[in-house]
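Take a look at the structure below.
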Ligand SMILES: C[S@@+](CC[C@H](N)C(=O)[O-])C[C@H]1O[C@@H](n2cnc3c(N)ncnc32)[C@H](O)[C@@H]1O
């Protein structure tokens, strides 16, 4: 691979985002291949393509966007999540690997308790609902978001990735338009505090703020979802929420106060507390 001629790009990318040299090389190859409609394998087969001035020019346009902080997923228009390729654009959060834990736990609970109906709140790209649907095709899923544009993206992803599971997408401000009861309520809501310095970071500033922040402590949406979910759960139903690494205790306290039992608190692969949940044994 003629990557040597990209030395200054490698250094700039690694320095700008604090990533390793090999990560920078990998991003450059992805951007080069994408900008020229090539399969990345073609760069290995014929390294000289990376010397073609016309191809380099096309790549440079995308590289400029990347260097300015635009995430690779928004440049390519897709992101891998739970083994599936999700379309994304700047109206939806880029699905994070950490969120795969919530999908794992949802599938586990569905199997363990033979759950049939699922409500996902704040679906964004549809990553959670669609991943659950592809593995559990027999269950009925309702997925909501307050953003119409996000729902358009989620609907496209569902049609492409799980055409046989008719997920019901619904515009709703959390539970405002939701009716009926479910066996499982799932959510990865916004949970970053409004003044968190990470919001100034590269990448995140391209994502919709409404998908990231929730009040002064970041707990507004989590608190609302945990408090209201019991009214939308069938007897014996579960709620599972993703939260920040420092919000486990607050979520556990809220779940206990609202009468949930069999409380669970799980950490992601990085060892950070990430998902909490519980079971409601009463009907409200
Ligand atoms: C952290 S993102 C999660 C997106 C997706 N579920 C995922 O895990 O990649 C939170 C989502 O909640 C949605 N949201 C924000 N406020 C909302 C509200 N009041 N009612 C419903 N959804 C809301 C945002 O539009 C965003 O799609």
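The values are calculated or read from the model by the stated rules, or taken from the named source; none is laboratory data. A quick note: this is a predicted structure, and the numbers were derived from the prediction, not measured. Ideal geometry is used to build each Cβ from the backbone, glycine not excepted, and the neighbour counts take in all protein chains shown.
Observations
- Whichever residue in the stretch 153-168 is assigned to a loop (DSSP other than H, G, I, E, B) and more than 21 Å from residue 180 (Cβ to Cβ) and, among such residues, is nearest to the ligand (Cβ to nearest atom): 162
- Taken as a whole, the structure places residue 123 among residues that are under 10 Å from the mean Cα position of the chain (by Cα) and within 27 Å of residue 225 (Cβ to Cβ).
- Looking across the stretch 71-99 at every residue that is in contact with a helix residue (DSSP H, G or I) (Cβ under 8 Å, 6 or more places away or on another chain) and assigned to a helix (DSSP H, G or I), the one that is nearest to the ligand (Cβ to nearest atom) is identified as 99.
- Taken over the stretch 173-195, the residue count meeting the criterion of being in contact with a helix residue (DSSP H, G or I) (Cβ under 7 Å, 6 or more places away or on another chain) and within 13 Å of the ligand (Cβ to nearest atom) is 11.
- Test: residue 194 is modelled with pLDDT under 95, in contact with a strand residue (DSSP E or B) (Cβ under 9 Å, 6 or more places away or on another chain) and in the same structural domain as residue 127 (by TED's automatic domain parsing): yes
- Residues in the stretch 127-147 that are within 13 Å of the ligand (Cβ to nearest atom) and surrounded by fewer than 24 Cβ atoms within 10 Å (Cβ to Cβ) were compared, and the one that is nearest to residue 73 (Cα to Cα) is 147.
- Residue 150 assigned by TED's automatic domain parsing to the domain that holds residue 241, surrounded by 24 or more Cβ atoms within 10 Å (Cβ to Cβ) and more than 9 Å from the ligand (Cβ to nearest atom): no
Listed here are the residues, each with its yes/no results for (1) touching a residue at least 60 places away in the same chain (Cβ under 8 Å); (2) in contact with a helix residue (DSSP H, G or I) (Cβ under 6 Å, 6 or more places away or on another chain).
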site	(1), (2)
4	no, no
24	no, yes
33	no, yes
44	no, no
47	no, no
51	no, no
69	yes, no
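- Qualifying residues in the stretch 207-231 (those that are part of a helix (DSSP H, G or I), in contact (Cβ under 8 Å) with a residue 40 or more places away in the chain and under 18 Å from residue 123 (Cα atoms)) - the one farthest from the ligand (Cβ to nearest atom): 229
- Among the residues of this structure, residue 119 does not count as one that is touching a strand residue (DSSP E or B) at 6+ places or on another chain (Cβ under 8 Å), within 21 Å of residue 190 (Cα to Cα) and part of a helix (DSSP H, G or I).
- Condition check for residue 237: assigned to a loop (DSSP other than H, G, I, E, B) and either touching a helix residue (DSSP H, G or I) at 6+ places or on another chain (Cβ under 8 Å) or away from the ligand (no atom under 16 Å from the Cβ) (or both): no
- The stretch 245-267: number of residues that are closer than 19 Å to residue 221 by Cβ and either in a loop (DSSP other than H, G, I, E, B) or outside the structural domain of residue 108 (by TED's automatic domain parsing) (or both): 5
- Test: residue 37 is more than 10 Å from the ligand (Cβ to nearest atom) and either crowded, with 21+ Cβ neighbours inside 10 Å or free of Cβ contacts under 8 Å to residues at least 40 places away in the same chain (or both): yes
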